[in-house]
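**Q** Sharing a structure, written as structure tokens. Questions coming.
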Amino acid sequence: MHLLVTGGCGFIGSNFIQHMLAAHQDAVIVNLDKLTYAGNRRNLAEVESLFLGRRYHFVHGDICDQTLVPELLGRFPFDAVLNFAAESHVDRSISDPFPFVTTNVLGTQNLLEAARQAEIPRFVHISTDEVYGSLGPTGQFTEDTPLAPNSPYSASKASSDLLARAYFHTYAMPVIVTRCSNNYGPYQFPEKLVPLVYLKASRNEAIPVYGDGQNVRDWIHVMDHCRGVEAALLKGTPGAVYNFGGDAERTNLEVVRTILKLSGKSEDLISFVADRPGHDRRYAMAYARSTADLGWTPRQSFEDGMASTLAWYTSNGAWLDEVQSGAYRQFMDKWYRTRQA
Ligand code: NAD
Ligand code: DAU
């Protein structure tokens, strides 16, 4: 099974590659990654030491590259493309939406077109619950919930989902879209809530909670998401959308308190700051279709998954030190300077 994985040096892509190479002895994976601030080859150091040049190949490049992508698709007999590559952080999309439109929309379009020309038999596009917009106090998103994205990030992801849909309907291309709730786990860049809170707590720094802290997200361990993408790849119906959720709705304040408790730190570190503009209030995912069609359910409880995740960050301090240097530091310092309430 030859797979082109894009964005494989990021958080979810690197977990997915590790999982697939371990679970499928016949898997050969080519990872196309631009190595933005969020991509780190070190996430796949073990994979490189075991498989580089044999079952794993790395290509440093951009999914928007209209020469490289078609050429790459002709280099191996690919059975599928899995598109994880994206600009993924909502706050950054508010500061500067342009890279989000470039990579998430134009990059996906470039991949879809190249995969169509190369007649790749499967294209799995990795998307998000944020395309559905915001829920009130009750209800859940299903795959039939109308798209109503509210941030430049989610608008760019919804746009790419619609291009994927159009390629299925117009060209009968075997495209599958997966949408998942908030992931946590190893190798997540510490701009996202969970590793950010862990890092700040470990340094006894103030932890910024946006608005009143009552926004609700559904949390899922990254490996449950990876198993869902794997099931969609192997068993999904072309043209279908599949939701993945973690059955773990929590307010942001509850998440922060859980991390502080597991880290043995005081809640006095919590600092309420100005709200994120256009901040979606609540997400919740119904995933009955994924259970019925793919046999998928999440396995990790929030409490166990969070404890093992924090243990991973504790034993991987060198990784955290590395990724938070340079561009990360400059961006976050500027961001917080402008946001303190
Ligand atoms: P991430 O930001 O950690 O990683 C993104 C990766 O894509 C990085 O390795 C980066 O270098 C690469 N990349 C960015 N632009 C590129 C380009 N133009 N060409 C090639 N590579 C490029 O993101 P993540 O959290 O791992 O998210 C992966 C995918 O899953 C995204 O599509 C995201 O929208 C989706 N998703 C994420 C979550 C979540 O909670 N993190 C939830 C649902 C869906
Ligand atoms: O729902 C899936 C999405 O989850 C993915 O599509 C995105 O790629 C991913 O980044 C994530 O988006 P969020 O905006 O939900 O994640 P983030 O970790 O940035 O924020 C989670 C919640 O915590 C959100 O309500 C904002 C809040 N927050 C975040 C940060 C970084 C804070 O209160 N303080 C913070 O410092």
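**Q** Over the stretch 127-203, one equal point on each Cα, no solvent: what is log10 I(q)/I(0) by the Debye formula at q = 0.25, 0.27 Å⁻¹?
**A** -1.14, -1.20
**Q** Can you give me the % of accessible surface on the chain that is carbon or sulfur? Probe 1.4 Å, all protein chains present, nothing else counted.
**A** Working: 7160 of 13720 Å².
The C+S portion of the solvent-accessible surface of the chain is 52 percent.
**Q** To continue, here is another question. Keeping all protein chains in place, calculate the accessible area per residue for the chain (probe 1.4 angstrom), answer in Å².
**A** Numbers: 13720 Å² over 341 residues.
So the chain comes to 40 Å² accessible per residue, rounded to a whole number.
**Q** Using the C-alpha gyration tensor of the stretch 1-131, what are the square roots of 5 times its eigenvalues, in whole angstrom, with the largest one first? Walk me through the numbers on the way to the answer.
**A** Details: eigenvalues 103, 65, 32 Å².
Gyration-tensor ellipsoid for the stretch 1-131: 23, 18, 13 Å.
**Q** So for the stretch 73-167, what percent of the C-alpha to C-alpha distances run longer than 16 Å? Kindly include the intermediate steps, with their values, before the conclusion.
**A** On the way: 2539 of 4465 pairs.
Cα-Cα pairs of the stretch 73-167 separated by over 16 Å account for 57 percent.
**Q** Turning to a different aspect of this structure: Taking the Cα of TYR171, stepping 7 Å toward and past its beta carbon, and measuring to each backbone N in the stretch 102-123: which are under 17 Å?
**A** 105-123
**Q** Please compute the length gained on full extension between LEU253 and TRP312, using 0.36 nm multiplied by the number of residues separating them and subtracting their Cα-Cα distance.
**A** Extra length from LEU253 to TRP312 when fully extended: 19.0 nm.
**Q** Need one number: % antiparallel among DSSP beta bridges in the chain, to the nearest 5.
**A** On the way: 3 of 40 bridges.
Taking every DSSP beta bridge within the chain, about 10 percent pair in antiparallel fashion.
**Q** Would you work out the Kirkwood radius for the stretch 197-280? I mean one over the mean of 1/r across all pairs of different Cα atoms, in Å.
**A** Details: mean 1/r = 0.0665 Å⁻¹.
15.0 Å is the Kirkwood radius here.
**Q** Using the Kirkwood formula over every pair of different C-alpha atoms, what hydrodynamic radius in Å results for the stretch 1-56? Could you put the intermediate results ahead of the total?
**A** Working: mean 1/r = 0.0910 Å⁻¹.
For the stretch 1-56, inverting the mean 1/r across all distinct Cα pairs yields 11.0 Å.
**Q** Now, a different point. Between beta-carbons, use under 13 Å as the cut-off and find the net charge around LEU68, counting Lys and Arg +1, Asp and Glu -1. All intermediate terms of the calculation are to be shown ahead of the outcome.
**A** Values: positive: LYS34, ARG75; negative: ASP33, ASP62, ASP65, GLU71.
The answer is -2.
**Q** So what is the orientation-averaged projected area of the stretch 115-166, using the convex hull of its C-alpha atoms, in nm²?
**A** About 4.3 nm², averaged over all directions.
**Q** Additional query: Mean projection of the alpha-carbon convex hull of the chain over all orientations, in nm²? Write out the running numbers ahead of the final one.
**A** Working: hull surface 63.3 nm².
Quarter of the Cα hull surface area: 15.8 nm².
**Q** From the helices alone, meaning DSSP H stretches of at least four residues, give me the mean residue ellipticity at 222 nm for the chain, per-run term -39500 (n - 2.57), in deg cm²/dmol to the nearest 500. Walk me through the numbers before you get to the answer.
**A** Details: 13 runs with 139 residues, N = 341.
Per the formula, -12000 deg cm²/dmol.
**Q** Given a Förster distance of 25 Å, report the FRET efficiency between ALA45 and GLN25 from their Cβ-Cβ distance, rounded to the nearest 0.05.
**A** Working: r = 21 Å, r/R0 = 0.84.
With a Förster radius of 25 Å, E is 0.75.
**Q** Please compare each pair in LYS34/LYS200; LYS157/LYS200; LYS34/LYS157; LYS192/LYS265; LYS34/LYS235 to a cut-off of 24 Å on the Cα-Cα distance and tell me which ones are over it.
**A** Too far apart for the 24 Å limit: LYS34/LYS200; LYS157/LYS200; LYS34/LYS235.
**Q** What residue among PRO121, PRO186, PRO149 shows peak mean-square fluctuation when the chain is described by a Gaussian network model with Cα springs under 10 Å?
**A** Of PRO121, PRO186, PRO149, the most mobile in the Gaussian network model is PRO121.
**Q** Between VAL273 and MET1, what is the label-point separation in nm under the 7 Å Cα-to-beta-carbon projection?
**A** Once both label points are built, they end up 4.1 nm from each other.
**Q** I would also like to ask the following. Quick one: length gained pulling ARG54 to SER266 fully straight, 0.36 nm per residue minus the C-alpha distance? Please report the intermediate quantities before stating the final value.
**A** Values: separation 212, 0.36 × 212 = 76.32 nm, distance 4.84 nm.
Extra length available between ARG54 and SER266 comes to 71.5 nm.
The values are calculated or read from the model by the stated rules, or taken from the named source; none is laboratory data. Keep in mind it's a predicted model, so treat the numbers as computed, not measured. When we count neighbours, we look across all protein chains shown, and the Cβ atoms used for this are built from the backbone with ideal geometry, even at glycine. In case anyone asks, the SASA skips ligands and DNA or RNA and just uses the protein heavy atoms, side chains included. Shrake-Rupley method; radii C 1.70, N 1.55, O 1.52, S 1.80 Å.
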